[in-house]
Amino acid sequence: MGSINDPKQYKKNIKAFHPKTNYFVSCLKAFIVGGFICLIGECIEKFYLAFTDFNQNTVGNPTVATLILISSLLTGFGVYDKFGQFAGAGTLVPVTGFANSITSAALEHKSEGVVLGIATNLFKLAGAVIVFGVVSAAVFGIIRLTINNLLG
């Protein structure tokens, strides 16, 4: 018989109270919602290509910026969070999920002021993502350079 503080006993005791997760349904919802967000991105891209001077090489940046703007606005109005609760990972994977997390952090700490509240907490999350992106890009760049030099 394990003690109250025994982690194995604790996991065994609480297992009966955990809701059963239907992984197939969760994956299906994530796939459909994530695909729908990407479809919206494709529609925005086609709009920019048809009605602006952007071409296939330059249309990506305004498309991503528009998706970020839409996600931030929906987060501000409380819509994106409800959508995310339904869809799960489907809303986290596209760039809209990152925009949602940044906007949520800013909104959560706005009462502390612009600098100490919004800016500080906004960059706590963004900073980690940016650092990881830069470091991983550098590592993969070095690996690619090494492979290219070895293969000639």
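Rule-based calculations on the coordinates, nothing more; no lab input. This structure is a prediction, so every number in the text was calculated from the model and none was measured. Reconstructed Cβ throughout: ideal geometry from the backbone, glycine too, with neighbour counts over all protein chains shown.
Estimate the FRET efficiency between Glu112 and Leu69 by the formula 1/(1 + (r/R0)^6), using the beta-carbon distance for r and 30 Å for R0, to the nearest 0.05. With a Förster radius of 30 Å, E is 0.75.
Helix screen, the chain: DSSP H segments with Cα axial length of 30 Å or more and mean Kyte-Doolittle hydropathy at least 0.5 are 23-51, 120-151. Charged neighbours of Phe54, selected by a Cβ distance under 12 Å, balance to -1 (K, R count +1; D, E count -1). State log₁₀ I(q)/I(0) for region 1-114 at q = 0.09, 0.11, 0.15 Å⁻¹ as given by the Debye formula over alpha-carbon point scatterers of equal weight, solvent excluded. For region 1-114 at q = 0.09, 0.11, 0.15 Å⁻¹, log10 I(q)/I(0) is -0.40, -0.55, -0.80.
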